[in-house]
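The values are calculated or read from the model by the stated rules, or taken from the named source; none is laboratory data. Keep in mind the model is a prediction, meaning the values are calculated, not measured. Cβ atoms come from the backbone with ideal geometry, glycine included; neighbour counts cover every protein chain shown.
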Amino acid sequence: MSGQEQRGPSRGNQSHGGGSFDGQRRNDRGRTRNRGQGGSPRRYSQATPGQRNRSADPARLVAFKTLREVSAADAYANLVLPKMIREYQLDRRDAGFATELAYGALRGQGFYDAILSTLVDRPLGELDPAILDALRIGAHQLMAMRVPKHAALDQTVSLARAQIGAGPSGLINAVLRRVSERSAEEWTAQLTEAAEGESGKLAIEHSHPEWIVRALRGALIAHGRDGSELASLLAADNAAPVVNLVALPGLGDLSGALDAGAEAGELLADSATYKHGDVARVPGVREGTVRVQDAGSQVMARALANTALPDGGEDRYWLDLCAGPGGKAALLGAIAVQRDARLTANEPAAHRARLVENSLDAVPHDYWMVTEQDGRSYGGEEYAGDYDRIMVDAPCSGLGALRRRPESRWRKAPRDIPELTSIQGELLDAAFSAVRVGGVVGFVTCSPHQAETRLVVEDFLKRHPDARLLDTGAEVSKVMYPDAPAAGHELGAGSTAQLWPHVHGTDAMFMALLTKTA
């Protein structure tokens, strides 16, 4: 819809006097005429043009500014949004509204852009990015939130008028009114009818890039699951995740969190979920003895720590090769204290190394140290055979955490995968050099993509005849409750483990436990 189409010609005759006949759009005071409902007389609005709302309610403003940071500065919503909520001092209700609006607009971006592209007379990339963000926010309210249609339209237009300008607000008003003419189901039916193939239809329906839809289908099959689960997996990516908590062993406990409304976790012991507002108010969180950590990450750290060393030898020196931002390092560090082991947490980026230090601060400082090296440097002779346990939580595409980082699905591209898998292989080689004979390496990615998981492990085993894959599925199952869904899949003489959002309620975490033979 072009700017010239925002307002059609007035109906009937024009009058400059105080007349009230049916044809005029405004009276002598500049007030616009409402259509009237059910045959009732048409009435004029109580606000002149200069009096109309030119401000944005705080919750929508926070959501809009979060989207602007994500779009303009490649920021992560999960880092920007909490700061915005604090800055605007939103109460619990408004904070929840802003969170759903920002995250929902980002998750649904593909679907909403598909709708908008049918209503705007130019490529969406040619729109001012701020206008596009406002349109996405309005579309999410209309399509997926229990917001009255008139409120979604009026408040979004007021937001645009205040933040972008009166001219763009007219375009936004006109386009969103067209969006509101159909329900989400009607738009889905129209758009999927024009899509090509099942992957194209699922990409529209579940708002994922089509290449990710295809990759996730392949991942399900590669990890021994049925491709028919794809729709459930995509839907789980779009569900708002709950906050997972873990108490650092020997240092914290969850009793205060449970008293504050948290619920015991369903996947593994000493975990909880929290749905009741600012998690910083939960006892132990500010002190660092209770931490926010996805249950899948908890499983992976505990599985590495609990796996019996094949030779039963010394178990004193542990390494987290890619430790930032420090969640797994804190859990490993607390367990290391109980075992009288020492943890080295390595993170090459200085700002992320500071985050690791902060994460480990609650752990007695004599039991850990932070280094800032390229993880691949641990493959040199200086570190050969130094460590008993090594975590390699390798950089990856993050396709397993799309529900927590909704903007990341629109930033990734297939061309990113080869470079990542090359780095993953190099880091795994370095860790294998640094682990002693009979020690254990845990290779972890937050991605189910087969190129970043099983294929990395298969290629590694070909390069290292002295490496052996352990029964990772069994080790992962040991740290979960007995009735938890199985996660293992055979690979040669051992197995790997893959968690899934739609099965385990976690991020899609992958793990392979490897040992060095004599």
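Residues in segment 358-370 that are in contact (Cβ under 8 Å) with a residue 12 or more places away in the chain and surrounded by fewer than 18 Cβ atoms within 10 Å (Cβ to Cβ): Asn358, Asp361, Pro364, Met369. One residue is enough: does segment 450-461 have a residue meeting the conditions without any contact (Cβ under 8 Å) to a residue 24 or more places away in the chain, among the basic types (Lys, Arg) and either in contact with a helix residue (DSSP H, G or I) (Cβ under 8 Å, 6 or more places away or on another chain) or more than 16 Å from Gln498 (Cβ to Cβ) (or both)? Among the residues of segment 450-461, not one is without any contact (Cβ under 8 Å) to a residue 24 or more places away in the chain, among the basic types (Lys, Arg) and either in contact with a helix residue (DSSP H, G or I) (Cβ under 8 Å, 6 or more places away or on another chain) or more than 16 Å from Gln498 (Cβ to Cβ) (or both), which makes the answer no.
Residues in segment 233-286 that are buried (at least 17 other Cβ atoms within 10 Å of the Cβ), of a type in the set (S, T, N, Q) and under 27 Å from Gln338 (Cα atoms): Asn244, Ser271, Thr273.
Where helices (runs of 4 or more DSSP H) fall wholly inside segment 132-221, the ranges with 2 or more residues that are touching a Leu at 6+ places or on another chain (Cβ under 8 Å) and more than 29 Å from Gly398 (Cα to Cα) are 149-163, 166-179. One residue stands out in segment 352-395 among those that are hydroxyl-bearing (Ser, Thr, Tyr) and in contact with a strand residue (DSSP E or B) (Cβ under 8 Å, 6 or more places away or on another chain): the one that is farthest from Pro418 (Cα to Cα), namely Tyr367. Looking at Ala303, is it assigned to a helix (DSSP H, G or I), under 20 Å from Asp507 (Cβ atoms) and touching a Lys or Arg at 6+ places or on another chain (Cβ under 8 Å)? Yes: the conditions hold for Ala303. Can you spot a residue in segment 346-369 that is on the phi > 0 side of the Ramachandran plot and in the same structural domain as Met391 (by TED's automatic domain parsing)? No - not one qualifying residue is present in segment 346-369.
Listed by position, the helices (runs of 4 or more DSSP H) contained in segment 448-518 that have at least 1 residues being more than 24 Å from the chain's Cα centre (by Cα) are 454-463, 472-479.
Look at segment 191-208: where a residue is farther than 14 Å from Ile115 by Cβ, no partner that is exposed (fewer than 14 other Cβ atoms within 10 Å of the Cβ) and modelled with pLDDT under 95 sits 6+ places away or on another chain with Cβ atoms under 8 Å.
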